[in-house]
Amino acid sequence: NRLLLDLETDLFATCCYVDVDMEEGSAWYVRAGHLPPVLRHPDGRTEVPESEPGPPLGVIRQTDFPMSPLRLQPGTILALTTDGLVESVEVDIEDGLNRLAAGLAGSDPSHLGLVADELLTEANRSDDVALLLMRFDGMDVLPSRESWTVWRVPEAVRHARRYTRRALRSWGVADHTDAALLIVSELVTNALVHTDGQVRLDLTLIHRRLRIAVADNSPRTPIKPTNIGWEATGGRGILLVEAMSDTWGTVPVSGGKQVWSELSLD
């Protein structure tokens, strides 16, 4: 909303944003002048949850966007769409949402691609249409998690390494300690040297895949250097993280960022 207003244009956008906790089967959603999600419960019942929307993005600077909860049981389908699917000259939005809900109720939830094809045949082709379907199946194995706030002390990196070593030992994956400790050292060092405020280390293990994440208060994304001389005293941290990781990246989190790395332990 702030971004569109700061552009000082006449542009605006509607939005529905859903944040799903896959472990708990819970979700929060927020609407900015957009259609609500439509739910199909495991027993075939459908629901268009009632919620208070905020205005479209880019219209009012000082405004609220209320959050509303959702509870998902294994087998629940969540549908998000644009008004091109449910509104036309002949059909108003409320009737269109009811038609969408009826289509979901009579569908086979095991084949979402076929469900999407059936729903899109009813779309008004004179307008843009977007459709997103998600089936929540629950989780057979819950992740193992550990989180620790890194103290800004001279031995902070050593403490972070020791915390990581203990977590890996308790999870029975101590044979993969060396690579994990190197990644923790580099990510924690970067956060302490280049940012201020709190630094948090998060470790997650699920299906023999280890995720190491370090969050800080700076929104600045780390830049991978393209060329480093032999005499350089810095700049190799991200290159080491990339070399030791199966994949890595960065995401914005609460006004700052989280730099993460994943390792396969197979």
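Annotations
- Residue within the stretch 65-82 that is free of Cβ contacts under 8 Å to residues at least 40 places away in the same chain and among the charged types (D, E, K, R) present: no
- Members of the stretch 203-224 that are more than 20 Å from residue 240 (Cα to Cα), part of a loop (DSSP other than H, G, I, E, B) and either out of contact with any Leu (no Cβ under 7 Å at 6 or more places or on another chain) or of a type outside the set (Lys, Arg) (or both): 207, 217, 218, 219
- Which numbered condition residue 39 misses (of (1) assigned to a helix (DSSP H, G or I); (2) touching a residue at least 40 places away in the same chain (Cβ under 8 Å)): (1)
- Meets criteria (farther than 27 Å from residue 25 by Cα and in the same structural domain as residue 29 (by TED's automatic domain parsing)) for residue 82: no
- First in the stretch 84-108 and closer than 18 Å to residue 43 by Cβ, second anywhere and at pLDDT 80 or above and acidic (Asp, Glu), Cβ under 9 Å, 6 or more apart: 101/47; 103/118; 106/118; 107/118
- Test: residue in the stretch 236-248 that is more than 26 Å from residue 143 (Cα to Cα), at pLDDT below 85 and surrounded by 16 or more Cβ atoms within 10 Å (Cβ to Cβ): yes
- Matching residues in the stretch 49-99 - criterion: being of a type in the set (A, V, I, L, M), under 30 Å from residue 140 (Cβ atoms) and surrounded by fewer than 17 Cβ atoms within 10 Å (Cβ to Cβ): 67
- Residue within the stretch 43-52 that is over 26 Å from the mean Cα position of the chain (by Cα), touching a residue at least 24 places away in the same chain (Cβ under 8 Å) and farther than 30 Å from residue 9 by Cβ present: yes
- When the stretch 131-178 is filtered for residues that are in a helix (DSSP H, G or I), farther than 23 Å from residue 198 by Cα and touching a Ser or Thr at 6+ places or on another chain (Cβ under 9 Å), the ones remaining, listed by number, are 168, 169, 170, 177.
- Scanning the stretch 4-19 for residues that are among the acidic types (Asp, Glu) and not in a strand (DSSP E or B) yields 6, 8, 10.
- Taken over the stretch 139-149, the residue count meeting the criterion of being closer than 22 Å to residue 73 by Cα and loosely packed, with under 13 Cβ neighbours inside 10 Å is 3.
- Residue selection: residue 95 fails the criterion of being outside any helix (DSSP H, G or I) and out of contact with any Leu (no Cβ under 9 Å at 6 or more places or on another chain).
- Meets criteria (more than 16 Å from residue 214 (Cβ to Cβ), in contact with a Leu (Cβ under 7 Å, 6 or more places away or on another chain) and surrounded by 12 or more Cβ atoms within 10 Å (Cβ to Cβ)) for residue 166: no
- The lone exception for residue 160 - which of (1) in contact (Cβ under 8 Å) with a residue 12 or more places away in the chain; (2) surrounded by fewer than 16 Cβ atoms within 10 Å (Cβ to Cβ) it fails: (2)
- Filtering the stretch 182-192 to residues that are without any contact (Cβ under 8 Å) to a residue 60 or more places away in the chain and crowded, with 17+ Cβ neighbours inside 10 Å leaves 184, 185, 186, 188, 192.
The values are calculated or read from the model by the stated rules, or taken from the named source; none is laboratory data. Keep in mind it's a predicted model, so treat the numbers as computed, not measured. Note: ideal-geometry Cβ built from the backbone for every residue, glycine included; neighbour counts use all protein chains shown.
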